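The values are calculated or read from the model by the stated rules, or taken from the named source; none is laboratory data. What you see is a predicted model; the values in this text were computed from it and never measured. All Cβ positions, even for glycine, are placed from backbone atoms using ideal geometry, and neighbour counts span all protein chains on display.
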Amino acid sequence: MRVGENLNQALHGLLGDDPSVYVLGEDLLDPYGGAFKITRGLSARFPGRVLTTPLSEGAIVGAASGLALAGDKAIVEIMFGDFAALAFDQIVNFASKSVSMYGHRVPMPMVIRCPSGGNRGYGPTHSQNLQKHFVGVPGLSLFEMSPFHDNRAVLDRMLASARPCLLFEDKVLYTRGMYEVDDLFAWELAGDVAVVRPDLPAAGADYALIAPGGVAHRAVAAMRWLLLEHDLAGTLYVPSQLYPFDVSGLLPALGAAGLVCVAEDGSAGGTWGSHVAAELHTRLWGSLKRPVRLVSSADGVIPTAPHLERDVVLQDTTIRRAVLEALHG
Amino acid sequence: MNRLTDEDLALLLLIRLFERKLLALFERGALNGTTHTCLGQEYVPVSLRPLLRADDWVFSNHRGHGHYLARFDDPDGLLAEIMGRKGAVCDGVGGSQHLKRDRYLSTGVQGQSLPVATGVALNLKRTAPGALACVYVGDGTWGEGAVYEALNLAQLWRLPLLVVVEHNGIAQSTPTELQMAGSVAGRAAAFGIGHRRVEGWDVADIRQQLAPLVEHVRTEPAPLVVEFATHRLGPHSKGDDTRPADRRGKDWYAAYRAAHPGQAARIEAAAGERVDRIAEEVAARPPSTWTAT
């Protein structure tokens, strides 16, 4: 099964199990079923609760907040995650703040799905990862879709938190296999974090990679090359929840690794990775072998032409270069 | 102006004197931050009060003390909220412009509440037919794109949404003619949404005009825009009124007091005593505690 199908089935299941769930977004009615087909089949089965909307991201998220306030649960599809910027006020100044600004806790069960990322040739305004703009907003949680985390479980968890959540979904990931990983590697879930390491006993301490789900395949490709070409065995950690991100459970392993590298897809500067690195530097000062290495896409717009886009967007080669450079200088 | 019941006049004057008290407390340095008073506009929520039901939602804005007091007879809780004292409606976190109590909610960002009210109205249409979401906005709010996105959705989906515009002719310091092309009526018409302009401040007359329209929102769900031509007598917040004194609009209360001096004096005295007593009592309370961060 592909990751996109897993997400589609998760939405079917959720709507079927919980009559208070709504799905709102642009162009999500059948037979179109959403720009990336993630909502396919939903409107036919749940016509009153799967609503296609005008091009009004602010109003869609605002309406989702209203549903949540009134006791429903809402899932919003932002067609391209870039357009979440059009809903910034509703996300940051209303939905997130409502959780606590009225003195008592106000449940706001809502999920804003953001198809994100490049490597598809969609150009500067349809390819971004906007995570960094939403890191550190009180009341707001950030999640990222991954090939290892069942989307139904993630959706249930987000709604149960009763806080507004953004779910970043790498668009390339939709068509990749669910739960599949390179044949040289094995993975398991340790709480919220998927841990991927070489399928060999006691291997994987040469370096540690931390990456959101959308980067997982590029990270594993880099790990394969490092293993085969340089005999470097690393471990990859893929959290489902990006923010707030509790690193406590990872500290022993990260402290023992030869290098910790955080790889992310957003543009460089003020990133989620730098937030994680700051936390690790503080918590692991004294046991880290070297500074945490950050890898991301370049500090630039994402070009449309494939050869130009490749130079800007994080690739597996970016990750493997960074690891080699940090370990071998 | 028709004679008001004692109850209506008492509520109107409670709001008036509450707001005056806030400005006085500010001048004395007894209040923190900012506040926006609704002096001159008190009759808007008081007129609507019997037309709204307990299962309706009310969304208020930055100038919302009158809206709150017309919904809840709770000047103590509101003042405690504004002063950050024990018994505050929202533990002193929200302050003057971020209140939530039951189905009443206010926010401090212009236009933000309309899409939210649209979502609530979507819920009501399905779960509580007959109930509506009422949203107070000002004339300045119509500069925000969120208003139009929400009106479009509400009309498309035929949602029970009552938009009450307190058109006081001035957005903070900017007169309407410098901030609005066209009119509120024209903008409502563009969406095929019903619009009623309310002139004057005769509470009984306003209720009579609006009762069938509000009822219609309940029985044949669709948004309705009710635009009150009103007057903001006081500053935008505090001490920031740049208008000459003779350009601040007409005061319903001056007119009413001239017509009904005996009743006005009696009820104003009682309301004044109540507000003074509350102000003293609330000021003496310990600071509020925020338990649920």
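Only helices (runs of 4 or more DSSP H) wholly contained in segment A:234-329 count here; list those with 1 or more residues that are outside the structural domain of residue A:154 (by TED's automatic domain parsing) and more than 26 Å from residue A:202 (Cβ to Cβ).
Answer list for segment A:234-329: A:272-283, A:306-312, A:316-328.
State yes or no: is residue B:153 at pLDDT 95 or above, buried (at least 22 other Cβ atoms within 10 Å of the Cβ) and in a loop (DSSP other than H, G, I, E, B)?
no
Could you pull out the residue among A:48, A:62 that is within 14 Å of chain B (Cβ to nearest Cβ), over 23 Å from the mean Cα position of the chain (by Cα) and more than 16 Å from residue A:114 (Cβ to Cβ)?
A:48
How many of the residues in segment B:155-164 are in contact (Cβ under 8 Å) with a residue 12 or more places away in the chain and at the interface with chain A (Cβ under 9 Å from one of its Cβ atoms)?
Here the count works out to 1.
Regarding residue A:15, is this residue in the same structural domain as residue A:144 (by TED's automatic domain parsing), of a type outside the set (Val, Ile, Thr) and in contact with a strand residue (DSSP E or B) (Cβ under 9 Å, 6 or more places away or on another chain)?
yes
Assuming residue B:197 fulfils every condition listed in (1) more than 11 Å from chain A (Cβ to nearest Cβ); (2) at pLDDT below 95; (3) surrounded by fewer than 23 Cβ atoms within 10 Å (Cβ to Cβ) apart from one, which condition is it?
The number of the failed condition is (2).
Give me a count of the residues in segment A:86-117 that are touching a residue at least 24 places away in the same chain (Cβ under 8 Å) and within 13 Å of chain B (Cβ to nearest Cβ).
From segment A:86-117, those touching a residue at least 24 places away in the same chain (Cβ under 8 Å) are A:86-92, A:94-100, A:105-117; that's our starting set.
Still in the list and also within 13 Å of chain B (Cβ to nearest Cβ): A:86-92, A:94-100, A:105-110.
Going through segment A:86-117 one residue at a time, the tally reaches 20.
Could we say that residue B:218 is at pLDDT 95 or above, surrounded by fewer than 19 Cβ atoms within 10 Å (Cβ to Cβ), within 19 Å of the chain's Cα centre (by Cα) and outside any loop (DSSP other than H, G, I, E, B) here?
Details: at pLDDT 95 or above: yes; surrounded by fewer than 19 Cβ atoms within 10 Å (Cβ to Cβ): yes; within 19 Å of the chain's Cα centre (by Cα): no; outside any loop (DSSP other than H, G, I, E, B): yes.
Criteria not met by residue B:218.
Select from segment B:39-59 the residues that are within 21 Å of residue B:21 (Cα to Cα) and in contact with a Ser or Thr (Cβ under 9 Å, 6 or more places away or on another chain) and list them in ascending order. So that I can check it myself, show each step before the final result.
Applying the first criterion (within 21 Å of residue B:21 (Cα to Cα)) to segment B:39-59 yields B:39-46.
Matches in segment B:39-59: B:40, B:41, B:43, B:44, B:45.
Taking residue B:268 and the conditions (1) buried (at least 17 other Cβ atoms within 10 Å of the Cβ); (2) more than 14 Å from every other protein chain (Cβ to nearest Cβ); (3) more than 24 Å from residue B:202 (Cα to Cα), which numbered condition does it fall short on, given that it satisfies the others?
Unmet for residue B:268, out of (1) buried (at least 17 other Cβ atoms within 10 Å of the Cβ); (2) more than 14 Å from every other protein chain (Cβ to nearest Cβ); (3) more than 24 Å from residue B:202 (Cα to Cα): (3).
Which numbered condition trips up residue B:261, out of (1) closer than 21 Å to residue B:202 by Cα; (2) touching a residue at least 40 places away in the same chain (Cβ under 8 Å)?
Status for residue B:261: all satisfied but (2).
Checking the conditions here, which among B:18, B:26 is touching a Pro at 6+ places or on another chain (Cβ under 7 Å), in contact (Cβ under 8 Å) with a residue 24 or more places away in the chain and part of a helix (DSSP H, G or I)?
On the way: B:26 fails: touching a Pro at 6+ places or on another chain (Cβ under 7 Å).
Of B:18, B:26, the one residue that is touching a Pro at 6+ places or on another chain (Cβ under 7 Å), in contact (Cβ under 8 Å) with a residue 24 or more places away in the chain and part of a helix (DSSP H, G or I) is B:18.
Which of the residues that make up segment B:127-150 are within 13 Å of another protein chain (Cβ to nearest Cβ), in a loop (DSSP other than H, G, I, E, B) and closer than 18 Å to residue B:222 by Cβ?
B:128, B:131, B:132
Identify the single condition in (1) away from chain A (no Cβ under 13 Å); (2) assigned to a helix (DSSP H, G or I); (3) farther than 27 Å from residue B:171 by Cβ that residue B:67 does not satisfy, given that it satisfies every other one.
If we test residue B:67 against (1) away from chain A (no Cβ under 13 Å); (2) assigned to a helix (DSSP H, G or I); (3) farther than 27 Å from residue B:171 by Cβ, just (3) comes out false.
Report the residue count in segment A:213-234 for those that are farther than 21 Å from residue A:3 by Cα and surrounded by fewer than 24 Cβ atoms within 10 Å (Cβ to Cβ).
10
Report the residue count in segment B:99-112 for those that are polar (S, T, N, Q), at the interface with chain A (Cβ under 8 Å from one of its Cβ atoms) and out of contact with any Asp or Glu (no Cβ under 7 Å at 6 or more places or on another chain).
Adding up the residues that qualify gives 1.
For segment B:113-126, what are the residues that are at the interface with chain A (Cβ under 9 Å from one of its Cβ atoms) and surrounded by fewer than 24 Cβ atoms within 10 Å (Cβ to Cβ)?
Scanning segment B:113-126 gives a single hit, B:126.
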